[in-house]
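This report refers to the structure that appears directly beneath it.
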Amino acid sequence: MAKATTTIRQVLTYQPQHAAWFVANQALFNRVAAFYFEVIAAHEKLLDLSAREALTALEKLTHATRKNPAPIMPLSAIAEAIPAMFRRAAIHAALGSARSFYTHLSKWHTRKEKAQTRGKPFKERPPVPPRTWNKSATLYTGQWRERTPSSILLKVWTGTCWSWIKVRITGRELPLTLASELDGEMGSPSLVRRGNQWYLHTPIAKTVKKSEQIVTQVTTNEYTRICAIDLNLDHHLAVCTIQTVEGTILAIHFISGGRAIYGFRKKLLGRIARNRRKTGMLAEDERDNVDLWNKIRQMDEHLAHLVSARIVQFAAQHEVSLLVFEHLGNLKPTKGKYSHRGNSKRAFWMKGCIFTFAKYKAWNAGIITSRVNPRHTSRECARCHNLIARYTADELAEGYAPGAPLVLCPQCGMQGNADRNASLVIGQRLILCVLKSQEKPSTPLLAEREEKSSGVAICQEAKSEEEPSIAQARHAECNEHGTARGRDVRMDVSLLDIPHPLRLFTE
Ligand SMILES: [Zn+2]
């Protein structure tokens, strides 16, 4: 079994002076966490212990009791009378940061040694321990009580003393029944600041069915269903195809909305540009047009949530167990007006968001996400893997017009929508890459399981080392990943020649 965590965010209503207390409380939490990070740094061996053992060892080193009157590095040196639960929450925060830092450091050492043994220059800088601490204070049981759907009592450091305060909770409610394990388990809430507002974040951990590894799924069951997604910068934001490992195409779904968001951003970016012309020079770290920027960001995030939810919903409807995306690659700089350049940059950023959101949403639905090499996905024929011609409806079906909506394969005659073709290729690439890794046991497994410590997200990266059979023509330089140019995709023209019978075009 595996865990999936959802965080319930609730807005807190409190008296004005309480905001200052929350700030003091968080500052103290970070001071204690930073202190424990130092203690761990002085006793690196602690990290080999389990969380529970490390906690005991750290308390022995720092906390004075009757049995242990003179600890080596007393916590009382930085703060007196820290409640035990506050201390433990800070210790766990410090342990988490320390584990992350030392893992990064050891990986850096490995890379450095590797480069040195190969005689290559190594310029990468080593990771540094956190310079500033800005963690939200976690409230362990004992630091809060009497939680109802509309209020909670919190024990906070006011800057001078510890005090219980009652705050009102509004916003999303906690799931009512957390009685059985299937409904989820409530974790410790934390006090989180966003802007000038304080929130209560409560994690709910659910147990979900653990999915088989990609390799097992692909090699043991030829009817395993895969949902491959081609993400675009405009018009069709996502094109999803569902296929089985043995190659049957079951369904396809186009998610549009790219043009609407482009227009929305264009309007606001234009407004920002006009405002900037009026204001002239800005101080170095002065932020301008804050509201407009926020509006754009919120809209992008909102749409990314909608699209990713739709992708996962579509995949779940078709009983898919694997999602496949392509790696994002780099943003190709675009020419043109400020609003256009800004627009592509944000569209690219949104693509990343859609992937990230889809990954955790899929995980919650028991679906694993993976990514494949994006090279030439839009230039390859999904049926015979030869180089295709890409064109618009009023042109001859020759050459490669990046971003054009239609494709034709001169070898096998496959004809159809360019994004659909790319999406199919993405799915096939994963299967191909897994099967290849199985044929050659001497090479390291290409699709490896990578589990985050939180256990929330699993991402399996499946990279194909081999280039696809086409050697010609690099990927479209100016139009990232085959985005449909601002024209209608004329599906009716091309439907006849699509190789597989089952189609489901929904928009
Ligand atoms: Zn072909």
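The values are calculated or read from the model by the stated rules, or taken from the named source; none is laboratory data. Everything numeric in this text was worked out from a predicted model, so none of it was measured. To get the accessible areas, we keep the full protein, side chains included, count just its heavy atoms, and leave off ligands, DNA and RNA. Shrake-Rupley method; radii C 1.70, N 1.55, O 1.52, S 1.80 Å.
Relative contact order for segment 63-187: what is it in percent, counting Cα pairs under 8 Å that are at least 6 residues apart?
Details: 83 pairs, mean separation 20.2, N = 125.
With pairs under 8 Å counted, the relative contact order is 16 percent.
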**Request:** Label segment 197-328 by shape, choosing from rounded, prolate and oblate, from the square roots a ≥ b ≥ c of the eigenvalues of the Cα gyration tensor; if a/c is under 1.5 it is rounded, and otherwise prolate applies when a/b is larger than b/c, oblate when it is not.
**Result:** prolate
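Relative contact order for segment 270-383 using alpha-carbon pairs under 8 Å, separation at least 6, rounded to a whole percent? Mind dumping the intermediate values first?
Working: 82 pairs, mean separation 39.3, N = 114.
Normalised by residue count, the contact order of segment 270-383 is 34 percent.
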**Asked** Where only protein heavy atoms count, and the probe is 1.4 Å, what is the accessible area per residue for segment 1-112 in Å²?
**Response** 53
**Request:** Please give every one of the lysines within straight-line cross-link reach of K60, meaning a C-alpha to C-alpha distance under 23 Å, and leave out same-chain neighbours fewer than 8 residues apart.
**Result:** K45
**Item:** Gain upon complete extension [Q15, K267; 0.36 nm per residue less C-alpha separation]
**Value:** 86.8 nm
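For each pair in K114/K436; K3/K361; K361/K436; K135/K155; K266/K351, compute the distance between the two Cα atoms and list the pairs where it is over 19 Å. Could the numbers behind the result be given before it?
Numbers: K114/K436 26 Å; K3/K361 13 Å; K361/K436 29 Å; K135/K155 17 Å; K266/K351 17 Å.
Going by Cα-Cα distance, K114/K436; K361/K436 fall outside the 19 Å limit.
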**Prompt:** With every protein chain present, what accessible area does R297 have (1.4 Å probe, heavy atoms only), rounded to the nearest 10 Å²?
**Reply:** 100
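Under 1.5 on a/c is rounded, so check that first for segment 200-260, then, if it is not, pick prolate when a/b is larger than b/c and oblate when it is not; a ≥ b ≥ c are the square roots of the alpha carbon gyration tensor eigenvalues.
Details: a/c = 3.27, a/b = 1.06, b/c = 3.09.
Taking the square roots of the gyration eigenvalues as a ≥ b ≥ c, segment 200-260 is oblate.
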**Item:** For segment 187-239 versus segment 385-418, the gap between their alpha-carbon centres in whole angstrom
**Value:** 34
**Asked** For segment 338-438, how big is Rg over Rh, using alpha carbon atoms and the Kirkwood form of Rh?
**Response** 1.05
